[in-house]
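See below for the structure under consideration.
The values are calculated or read from the model by the stated rules, or taken from the named source; none is laboratory data. Given the structure is predicted, the values throughout are model-derived calculations rather than measurements. Every residue, glycine among them, receives a Cβ derived from its backbone with ideal geometry; neighbour counts consider all protein chains shown. What goes into the accessible areas is simple: the full protein's heavy atoms, side chains included, and nothing from ligands, DNA or RNA. Shrake-Rupley method; radii C 1.70, N 1.55, O 1.52, S 1.80 Å.
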Amino acid sequence: MTLPEVEAPARQEARRPLEVVTARHPLRWLAAAGVLVVLAMAASALITNPAWEWEVVGQYLFAPSVVRSVLLTLELTALGIGLGFALGTVLALMRLSPNRLLSSVAFGYVWLFRSVPLILQLLFWYNLALLYPRLSVGVPFGPEFFDFGTMDLVGPLTAAVLGLALHQAAYAAEIVRGGLLSVDAGQREAAAALGLPPGRRLLRIILPQAMRTIVPNAGNEIIGLVKGTSVVYIMALPELFYQVQVIYNRNGRVMALLLVAALWYLALTTVLSIAQHYVERHYGKGRA
Amino acid sequence: MSAMVELRGVHKSFGPLHVLRGVDLDVPRGQVLVVLGPSGSGKSTLLRTINHLEKVDRGSVRVDGRLLGYRQVGERLHELPEREVLRQRTQIGFVFQSFNLFPHLTVRQNLMEAPLSAQRRPRAEVEPLAERLLARVGLADKADAYPRTLSGGQQQRVAIARALALEPKLLLFDEPTSALDPELVGEVLDVIKGLARAGTTMIVVTHEIGFAREVADAVAFMDAGRVVELGPPAQILDAPAHERTRAFLAKVL
Ligand SMILES: Nc1ncnc2c1ncn2[C@@H]1O[C@H](COP(=O)(O)OP(=O)(O)O)[C@@H](O)[C@H]1O
Ligand SMILES: [Mg+2]
């Protein structure tokens, strides 16, 4: 039996590899052109309208009082995130503990501090002295060892840091817990089977892998908090947002000063986003 | 001299599920026990009780003559503190079906982690040990690679080297080749055969009947949480006494 003859490919094709012609996308080009026009309009609106007062913006952007307020904003963010994630990690570990009391307390904490608006929490801490004029350290219902006036201990800055950190901790706890749960159970098993001590298992094996899910979420939180610190203006703390308000209330250059604040927030979040990229790359080691 | 592993009346339940229903088993020193059995018969659970990844409900597990995870006081077993259990585990190597290498650490770091942090051995001693073990499993050139860049067979060989880095008295393998492409099974079994020749005491859960025939000193067949029969490979594989063993072998052969 013979098979039917397969037609030979055209001679030319056999000699030369076929050329590829990319398809054209006229609609894509049209859309891009449209976007360009809108961008140009926005730029012109920003630059040509004298109401923005760009020279005033330039004058205040690096004014010592503004720079100082930016540093306070950074300080509040760093303390809020640092303490928040430290406490949040402890809460996440408590929540995952087989001990029912520990996990319930952690659950209750997250429930409470996520439910009450931050601004209310800040006012509570700010007005703590009204509730407890004196604070003491000692055995519950028993003798006291130290005793402080609340006003001396919890000034506006402490109240702000406390409020931001405790609120942040509730969110951080959920982020860290999600990260820990995202690590394959086999990793925990292998670490346990190798006899690694519990602390080492967590710090060397589980957390570095959890960081892959924690970092992007934490990045969101940090950037959120940079801007979120602006709520502490209610406690008259001279962070960035409060400071520009003080200035425009004095000189009436509202738009220019809001722009100063906006530019600083933009700069801060840009730096943080770049840092996040490198941190993510670090924890992505060993992954495709 | 006592056996390396002695299980007596081991029971284990997960909630209402009675997974191990009174297992007695002895593995003499330097011998290889292959455990066969259908999926869900409790083979993995059995291995996991031997290094106390799973606590037994009743019965006892002894390795090298010592109770695992417990201290006997009269007729009672008292659970040992975690530090003690961890120390006992370092004498038992465990190789998982899914390798479970640490993906964020290099091959070398995977090998060195437990000797350094669980056994607190000096780095100067552990580094050459890691090199030696990698050479032994034929992966001397992969020390600085990340696990993801290796084939499944290579990953499992690293996992075996990692277990060996603790210089354990006993090695436990839970279906070490089940996650591998067929053409990669041989290289892993060859490494295990080498260990058997060197006189390592091992319990190997596997479906590789040829391997069992060649390497095992004894074969145990498990079904529904019990060791149904136990004996030399020729007897269990060629002339099984139990109907369930025959039915199982008919399916896997
Ligand atoms: N941690 C666990 N929790 C609940 N059930 C489990 C757990 N581990 C195993 N089992 C159950 O125990 C039975 C035996 O499992 P396993 O020992 O893994 O069997 P095998 O390894 O022989 O396939 C299965 O039904 C399995 O679903
Ligand atoms: Mg199994």
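Key figures
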{"item": "Using a Förster distance of 60 Å, the FRET efficiency for A:Ala42-A:Asp184 (Cβ separation, nearest 0.05)", "result": "0.80"}
{"item": "Cα radius of gyration and Dmax for the protein assembly as shown (Å)", "result": "32.9, 107"}
{"item": "Fraction of accessible area attributable to carbon and sulfur, the protein assembly as shown (%, probe 1.4 Å)", "result": "60 percent"}
{"item": "Net charge contributed by nearby residues that have their C-beta within less than 15 Å of A:Leu240 (K/R +1, D/E -1)", "result": "0"}
{"item": "Contact order relative to length of chain B, as percent, for alpha carbon pairs under 8 angstrom and 6 or more apart", "result": "26 percent"}
{"item": "Percent of alpha-carbon pairs separated by more than 19 Å within segment B:100-167", "result": "20 percent"}
{"item": "CD proxy at 222 nm, helix term only [per DSSP H run n ≥ 4: -39500 (n - 2.57); per residue of chain B; nearest 500]", "result": "-10500 deg cm²/dmol"}
{"item": "Distance-filtered residues of segment A:52-84 - backbone nitrogen under 14 Å, label point 7 angstrom along A:Val246 Cα→Cβ", "result": "A:63-73"}
{"item": "Total accessible area lost when A and B pair, probe 1.4 Å, Å² to nearest 100", "result": "2100 Å²"}
{"item": "Packing-based ranking, highest mean first, of A:90-97, B:169-176 given that Cβ atoms within 10 Å are counted", "result": "B:169-176, A:90-97"}
{"item": "Solvent-accessible area lost in complex, 10 Å² minimum, residues of segment A:273-288 relative to chain alone, 1.4 Å", "result": "A:Lys285, A:Gly286, A:Arg287"}
{"item": "Amide hydrogen neighbours beyond the local backbone of B:Leu170, cut-off 5 Å, H modeled", "result": "B:Gly93"}
{"item": "Spread of Cα-to-Cα distances over 5 Å intervals beginning at zero, given as percent, for segment B:59-202", "result": "2, 10, 18, 20, 19, 13, 8, 5, 3, 1, 0"}
{"item": "FRET efficiency for B:Leu17 and B:Leu77, using Cβ-Cβ distance with R0 set to 22 Å, rounded to 0.05", "result": "0.45"}
{"item": "Cα Rg, Dmax (largest Cα-Cα span) when computed across segment B:61-131, Å", "result": "15.5, 47"}
{"item": "Value of relative contact order over segment B:100-167, rounded to a whole percent, pairs C-alpha under 8 Å and six or more apart", "result": "48 percent"}
{"item": "Residue-normalised accessible area of the protein assembly as shown, expressed per residue, 1.4 Å probe, Å²", "result": "53 Å²"}
{"item": "Counting all C-alpha pairs of segment B:1-143, share separated by more than 23 Å (%)", "result": "47 percent"}
{"item": "Average beta-carbon neighbours from other chains, 10 Å sphere, peptide B:100-108", "result": "6"}
{"item": "Protection proxy ranking of A:211-217, A:133-139 - average other beta-carbon atoms within 10 Å, highest first", "result": "A:211-217, A:133-139"}
{"item": "Segment B:142-153 - phi-based ³J(HN,Hα) in whole Hz, Karplus 6.51/-1.76/1.60, Gly and Pro as x", "result": "9, 4, 9, 7, 8, x, 4, 7, 9, 6, x, x"}
{"item": "Karplus-derived HN-Hα couplings along segment B:197-203 (A = 6.51, B = -1.76, C = 1.60, θ = phi - 60°), whole Hz, x at Gly and Pro", "result": "4, 6, x, 6, 6, 9, 10"}
{"item": "Computed over segment B:194-234, Cα set: Rg, Dmax in Å", "result": "10.9, 33"}
{"item": "Förster radius 30 Å - calculated FRET efficiency between A:Leu263 and A:Tyr132, Cβ distance, rounded to 0.05", "result": "0.15"}
{"item": "Karplus (6.51, -1.76, 1.60) ³J(HN,Hα), θ = phi - 60°, over segment A:135-143, in Hz, Gly and Pro reported as x", "result": "10, 9, 10, x, 6, x, 6, x, x"}
{"item": "Stokes-Einstein D (µm²/s) once Rh is taken as the Kirkwood radius of chain B over alpha-carbon pairs, at 10 °C in 1.306 mPa s", "result": "84 µm²/s"}
{"item": "Length-normalised contact order of chain A in % [C-alpha pairs under 8 Å, at least 6 apart]", "result": "24 percent"}
{"item": "Kirkwood hydrodynamic radius of segment A:129-288, from inverse mean 1/r over distinct Cα pairs, in Å", "result": "19.7 Å"}
{"item": "Label-to-label distance, nm, for residues given as A:Glu75 and B:Lys55 (7 Å Cα→Cβ offset)", "result": "5.0 nm"}
{"item": "Mean Cβ neighbour count within 10 Å, used as a protection proxy, ranking B:144-155, B:74-85, A:239-250 highest first", "result": "A:239-250, B:144-155, B:74-85"}
{"item": "Net charge of neighbours whose Cβ lies under 9 Å from the Cβ of A:Gly88, counting Lys and Arg as +1 and Asp and Glu as -1", "result": "0"}
